[in-house]
Amino acid sequence: MASGYLWVYGAPGPGSQPAVSQVGPVTVALTRPIPLPPVPPGFAGPPVAVTAGPGGSVWIGSDRALLRVSASTGSVLARAMLPHGLAVWDISADTAGRILYVSAAHMVRGGGEGNVMLEYDARFGHRLATASGGLIRYSVAGAALTAVPGGVWLSFRTGMLGLTIHLGKKGLRMIAPPRPGIALRRPNGVFHWPMYETTAYGGGALWVADQLGIMACLDPRTGRIRASERLRQSQLFYQIEAIDPAARKILALHNDDLLQITPPRQCWS
């Protein structure tokens with residue numbers, strides 16, 4: 001869901017070009033298809049990424065292309081191209097509609113590797129900053145992004161383990177925690193985890209859950225943990241789907257079930 005519509009993406013068949021469809025969330029009727037720039041033959045990169053943009057628009061990332069599309073007309077309002085050799089892995093825009101964050105991977109035969117973070121003006125698509133050093137260099141391939149006021153949180157695999165780190169806007173500088181040596185320590189959950197972690201922003205909090213069974217709410221600017229809980233392995237969920245600040249509940253995906261969770265009061269702000 002972004003800018004009032006459901007955006008469905010995929011490739012119709014083997015070797016075909018990716019496509020995005022704009023769908024009405026109530027009727028589930030196709031509003032319009034969104035044409036994307038063609039990808040190279042045999043492209044084995046990540047899927048198309050979509051996030052809400054400013055002024056009733058969405059940003060769409062496919063291969064090297066970034067397109068800002070009007071949700072009301074389907075017209076392209078802005079576009080940008082990633083540096084040669086990179087492909088979009090994930091994108092996320094801040095709630096103020098000013099900054100677009102992009103995680104990109106180096107494309108090699110068989111897929112993507114490594115991670116490069118890029119920061120763009122969310123209205124016009126001008127590139128503002130690039131970062132690939134520090135803890136980012138431990139990424140196997142790309143990162144999942146969650147934009148928050150003042151920056152973006154990245155979650156990426158380092159192999160069988162993974163890291164979640166915080167970069168600030170206007171330069172993508174590292175914001176502690178976690179500490180620089182975290183990748184060399186045993187996984188402890190939240191910032192250093194095995195296999196996977198899911199993050200989401202809403203209600204003034206960053207929400208995280210991972211395979212260690214740790215579920216927590218954090219201050220999105222500092223990373224301070226406001227509350228946490230240890231779940232049993234049978235209770236693990238794999239994706240935080242939505243935040244409802246008015247009802248103070250979150251929705252998460254557990255196998256084939258959709259869960260409604262009521263976090264403690266101190267999580268909200």
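Does residue 162 qualify as being farther than 25 Å from residue 52 by Cα, of a type in the set (Gly, Ala, Ser) and either open to solvent by less than 20 Å² (accessible area, probe 1.4 Å) or within 18 Å of the chain's Cα centre (by Cα) (or both)? Criteria met by residue 162.
Being of a type outside the set (Asp, Glu), outside any strand (DSSP E or B), touching a Lys or Arg at 6+ places or on another chain (Cβ under 9 Å) and open to solvent by 70 Å² or more (accessible area, probe 1.4 Å) holds for only one residue in 269, 234, and it is 269. For segment 106-130, filtered to residues that are in contact (Cβ under 8 Å) with a residue 60 or more places away in the chain and within 30 Å of residue 204 (Cα to Cα), the residue that is surrounded by the most Cβ atoms within 10 Å (Cβ to Cβ) is 122. Counting the residues of segment 28-54 that are at pLDDT 95 or above and not aliphatic (A, V, I, L, M) gives 3. Screening segment 94-112 for residues that are assigned to a strand (DSSP E or B) and under 17 Å from the mean Cα position of the chain (by Cα) and picking the one that is modelled with the lowest pLDDT gives 112.
Evaluation of residue 13 against the conditions (1) surrounded by fewer than 15 Cβ atoms within 10 Å (Cβ to Cβ); (2) at pLDDT 90 or above shows that the sole unmet condition is (2). Of all residues in segment 205-214, those satisfying the criterion of being hydrophobic (A, V, I, L, M, F, W, C) and more than 17 Å from the chain's Cα centre (by Cα) are 212, 214. Restricting the search to segment 150-201, which residues are polar (S, T, N, Q), in a strand (DSSP E or B) and touching a helix residue (DSSP H, G or I) at 6+ places or on another chain (Cβ under 7 Å)? Residues satisfying the conditions do not exist here.
Tell me which residues, restricted to segment 213-231, are open to solvent by 40 Å² or more (accessible area, probe 1.4 Å) and either in contact with a helix residue (DSSP H, G or I) (Cβ under 8 Å, 6 or more places away or on another chain) or within 22 Å of residue 159 (Cα to Cα) (or both). Hit for segment 213-231 is 226, nothing else. Please verify whether segment 42-64 includes one or more residues that are in a strand (DSSP E or B), in contact with a Ser or Thr (Cβ under 7 Å, 6 or more places away or on another chain) and over 22 Å from residue 151 (Cα atoms). Within segment 42-64, not a single residue is in a strand (DSSP E or B), in contact with a Ser or Thr (Cβ under 7 Å, 6 or more places away or on another chain) and over 22 Å from residue 151 (Cα atoms).
So for segment 67-86 (the condition being within 21 Å of residue 176 (Cβ to Cβ) and out of contact with any Ser or Thr (no Cβ under 9 Å at 6 or more places or on another chain)), does at least one residue qualify? No: zero hits.
The single residue among 80, 52, 65 that is of a type in the set (A, V, I, L, M, F, W, C), surrounded by 14 or more Cβ atoms within 10 Å (Cβ to Cβ) and within 16 Å of the chain's Cα centre (by Cα) turns out to be 52.
Inspection of segment 245-266 identifies at least one residue that is out of contact with any Asp or Glu (no Cβ under 6 Å at 6 or more places or on another chain), in a loop (DSSP other than H, G, I, E, B) and open to solvent by less than 40 Å² (accessible area, probe 1.4 Å). Hey, does segment 3-21 have a residue that's over 21 Å from residue 102 (Cα atoms) and among the aromatic types (Phe, Trp, Tyr)? Within segment 3-21 (the criterion being over 21 Å from residue 102 (Cα atoms) and among the aromatic types (Phe, Trp, Tyr)), the answer is yes, since at least one residue qualifies. Of all the numbered requirements in (1) in a loop (DSSP other than H, G, I, E, B); (2) closer than 14 Å to residue 9 by Cα, residue 32 misses one, and that requirement is (1). For residue 135, state whether it is modelled with pLDDT under 95 and either outside any strand (DSSP E or B) or open to solvent by 70 Å² or more (accessible area, probe 1.4 Å) (or both). So residue 135 passes the test. When 202, 150, 181, 168 are checked against the criterion of being surrounded by fewer than 23 Cβ atoms within 10 Å (Cβ to Cβ) and more than 17 Å from the chain's Cα centre (by Cα), 181 stands alone in meeting it.
The values are calculated or read from the model by the stated rules, or taken from the named source; none is laboratory data. All values reported here derive from a predicted model rather than from experimental measurement. Neighbour counts are summed over all protein chains in view; Cβ atoms, including those assigned to glycine, are modelled from backbone coordinates with ideal geometry. Each accessible area value is taken on the protein alone, full model and side chains, heavy atoms only, with ligands, DNA and RNA left out. Shrake-Rupley method; radii C 1.70, N 1.55, O 1.52, S 1.80 Å.
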